[in-house]
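The values are calculated or read from the model by the stated rules, or taken from the named source; none is laboratory data. This structure is a prediction, so every number in the text was calculated from the model and none was measured. Every residue, glycine among them, receives a Cβ derived from its backbone with ideal geometry; neighbour counts consider all protein chains shown.
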Amino acid sequence: MRTLLSPVLQSLRRRSPSVVSILRRSMTGGGASGASSLPPLTPATTRVGWIGTGVMGRYMAGHLISAGYALTVFNRTPSKAQPLVEMGAKLAGSPRGVAEESDVVFLIVGYPSDVRRVVLDQDEGVLGGLSPGSVVVDMTTSDPSMAEEIYASARSASCRSVDAPVSGGTGGLATGSSRSSPAGTSPPSNGCHRCSGAWDGELHGRTWCWPAAKLGNQIAIASTMVGLVEGMLFAHKAGLDVRRWMEAISTGAAGSKSLTLYGDRILQRDMAAGFFVHHFVKDLGICLKECQSMGLALPGLALAQQLYLSLVAHGEGNLGTQALILAIERLNNTQL
């Protein structure tokens, strides 16, 4: 397969490995019944659509434009798509308008209700505009049942669907180190795994498998963040130099990606969002809903969600997830 990848694709793989993976397999693999193979993935032949150009999507879409792909984009707040338009993207008036101009449509939006509207709306949705054999790739963290519903609807329209939620925040997306793990039925996900090479990827199989994997990722992050900020506040109250304490634990079992990414930012009171608190609350709420359906008790998850909810209640939902320190500081009437 390496010999089939053009220099442009290899360049995009270095910038954002998983978009290439998804697109490559989408173009060359089979698909839903009646779906024909699309031409090989090249900037000259592959039309790419992008829906959702907010804090995450604009970086990913920008990587594709930089690699030479012509993009048609949509965002419900058009001004947020303007930087991509200035890079050469075409602005559409609706999700359906994007689909009508695209062979593959990516979307990364806020909530499951947004996914439903963008993809399944009878008048303006993506599936109403895609040609048979085309692909829709949902990169939103959403309900596993939503992935199943979209897959069934796409198959009915002789199209293909892949769910590939992204993890890593804007820092990872800007540098190309974020993760995206496509999943789907064998033909479309095989097609889509290689296209997601623009920001790295893992293939998880069943249509609803990667949404569940992503939710597990969010559960692990939530508890890790609680431990990080509690440890930092404890070190502070114990009279330790918190920065030196972080350096000391970073190479042991307590070291983590969260410590590396957020420790210094917390000390600097830098709460700018790489991933919004209010979106994390949404993700943890979906996790709790899935746990309830499984009969699964995860008290650490429930505690983390309550702490993050308190940030939203204080008007801090647009801060980054490292702002959890603010909730712990308020509980203890103490500031680092």
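Observations on the model:
- Residue match in segment 69-78 (condition: in a helix (DSSP H, G or I), surrounded by fewer than 24 Cβ atoms within 10 Å (Cβ to Cβ) and at pLDDT 50 or above): yes
- Residue match in segment 27-36 (condition: at negative phi, modelled with pLDDT of 90 or more and surrounded by fewer than 24 Cβ atoms within 10 Å (Cβ to Cβ)): no
- Residue match in segment 319-326 (condition: surrounded by 21 or more Cβ atoms within 10 Å (Cβ to Cβ) and either under 22 Å from ALA213 (Cβ atoms) or touching a Cys at 6+ places or on another chain (Cβ under 6 Å) (or both)): yes
- Unmet requirement for GLU101, which otherwise passes all of (1) at pLDDT 85 or above; (2) surrounded by fewer than 24 Cβ atoms within 10 Å (Cβ to Cβ); (3) out of contact with any Lys or Arg (no Cβ under 8 Å at 6 or more places or on another chain); (4) within 24 Å of GLY128 (Cα to Cα): (3)
- Unique match (being among the hydrophobic types (A, V, I, L, M, F, W, C), under 27 Å from VAL115 (Cα atoms) and in a loop (DSSP other than H, G, I, E, B)) among ALA273, ALA253, ALA297: ALA273
- Screening segment 95-170 for helices (runs of 4 or more DSSP H) wholly inside it with 3 or more residues that are of a type in the set (S, T, N, Q) returns the ranges 144-156.
- When segment 256-268 is filtered for residues that are in a loop (DSSP other than H, G, I, E, B) and in contact (Cβ under 8 Å) with a residue 24 or more places away in the chain, only SER256 remains.
- Any hit, segment 117-127, residues being surrounded by fewer than 24 Cβ atoms within 10 Å (Cβ to Cβ), closer than 22 Å to PHE276 by Cβ and at pLDDT 90 or above: yes
- Check on ALA304, buried (at least 19 other Cβ atoms within 10 Å of the Cβ), touching a Leu at 6+ places or on another chain (Cβ under 8 Å) and outside any helix (DSSP H, G or I): no
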